[in-house]
Amino acid sequence: TDGAMRGYAGFDAAALAAIDAVTATGDARLFGPGHMAFTIDRGADSDRYQGLVAIEGATLASNVRAYLARSVQMRADVQVAALAWPQEDGGSAGWRAGCLLIEQLPGPQGPVDDAEHAERWRQARTLTRALVRADLADPLAPPALLLGPLYRPHDVRLHDARPLRFFCRCSAERAGTVVRSFPGSERAELADDGAIEITCDYCAARYLFDLDGVLLDSA
């Protein structure tokens, strides 16, 4: 892809306020019971794929590991961190997140599981878990400085970084299509003072339509 991405996180404010503190090993308290869904969309020429895994581990990383082991059936490990860091201009703290995913690649004939590769995998996991959470989200620790010393005994090769940018696919045309897909009686129930408002959860764009689905205003 060209690096365009978007994301959305919803939460129950009252339930979150009831949690006294969230520790490094208590992420599951934020999730509650349920399942995590992983959706892979490769574009118009491919079918979407979705994998589900029950929320059982104590952290986000442990649940992702469970998904990789059960649904993808790959030997992989992942470390994640999200921490508040002071801004460079001395302003209030801003959030930074980091993630390190390692996986054992298959050989030319398929998965490799001999003693030598098993030992290499054990060493790689040990090194990965030696990272502290602050290292993953440290603004002064780019991949080159983080991975080089960490995997010094191994052959470390860095690819060019891929820049990421926010992009939302919402538009007045798409929102209008959604409004007009409802029967007239349901549009009347959705309306407030004769207008229907749609707000995009990804980018917070706001679209206002009349009962016929005609755009009145956008912001």
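The values are calculated or read from the model by the stated rules, or taken from the named source; none is laboratory data. Remember, predicted model here, so these are calculated numbers, not experimental data. Glycine gets a Cβ as well: all are built from the backbone with ideal geometry, and neighbour counts include every protein chain shown. Remember, those area values only see protein heavy atoms, side chains included, never the ligands or the DNA or RNA. Shrake-Rupley method; radii C 1.70, N 1.55, O 1.52, S 1.80 Å.
Miscellaneous remarks
- Using R0 = 25 Å, the C-beta based FRET efficiency linking L83 and V178 works out to 0.10.
- Under 12 Å, Cβ to Cβ, from A66 - net charge with Lys/Arg +1 and Asp/Glu -1: 0
- Rounded to the nearest 500, the 222 nm mean residue ellipticity of the chain from helices alone is -7000 deg cm²/dmol, with -39,500 (n - 2.57) taken per DSSP H run of at least 4 residues.
- DSSP bridge analysis restricted to the chain gives an antiparallel fraction near 95%, rounded to the nearest 5.
- Distance between modelled label sites at A144 and A205, nm, 7 Å Cα→Cβ extension: 3.7
- Since only I55, F209, Q79 are under comparison, the one whose Cα sits farthest along the positive direction of the charge dipole of the chain, derived from C-beta charges on Lys, Arg, Asp and Glu, is Q79.
- Rolling a 1.4 Å probe over the protein chains gives D160 an accessible area of about 150 Å².
- Heavy-atom surface analysis with a 1.4 Å probe gives the chain a carbon and sulfur content of 54 percent of its accessible area.
- Ranked by solvent-accessible area (1.4 Å probe, protein heavy atoms only, all chains present), the residues C99, C168 order from largest to smallest as C99, C168.
- Counting only protein chain heavy atoms and rolling a 1.4 Å probe, the accessible areas of F167, F209, F31, F11 rank, largest first, as F11, F167, F31, F209.
- Think of the chain as a dipole: +1 on every Lys or Arg Cβ, -1 on every Asp or Glu Cβ, centred on the Cα centre; then among A219, L146, A66, L146 lies furthest on the positive end.
- Taking the chain and dividing mean pair separation by its residue count, relative contact order in percent (alpha carbons under 8 Å, at least six apart): 15
- The charge dipole of the chain, taken about its Cα centre with unit charges on the Cβ atoms of Lys, Arg (+1), Asp and Glu (-1) only, comes to about 820 debye.
- Neighbourhood charge, 9 Å Cβ-Cβ cut-off, centred on D77 and excluding it, Lys, Arg +1 and Asp, Glu -1: +3
- Helix 115-128 vs. the chain, principal-axis angle (Cα, 0 to 90°, nearest 10): 60
- Once both labels are positioned 7 Å from their Cα atoms along Cα-to-Cβ, the gap between A37 and L52 label points is 0.9 nm.
- As computed over the chain, the Cα convex hull volume per residue (Å³): 214
- With DNA, RNA and ligands ignored, accessible area of E173 (1.4 Å probe; Å², nearest 10): 130
- Probe 1.4 Å, protein heavy atoms only - accessible area per residue of the chain in square angstrom: 71
- Area of I55 that stays accessible when all protein chains are in place (1.4 Å probe, Å², to 10): 40
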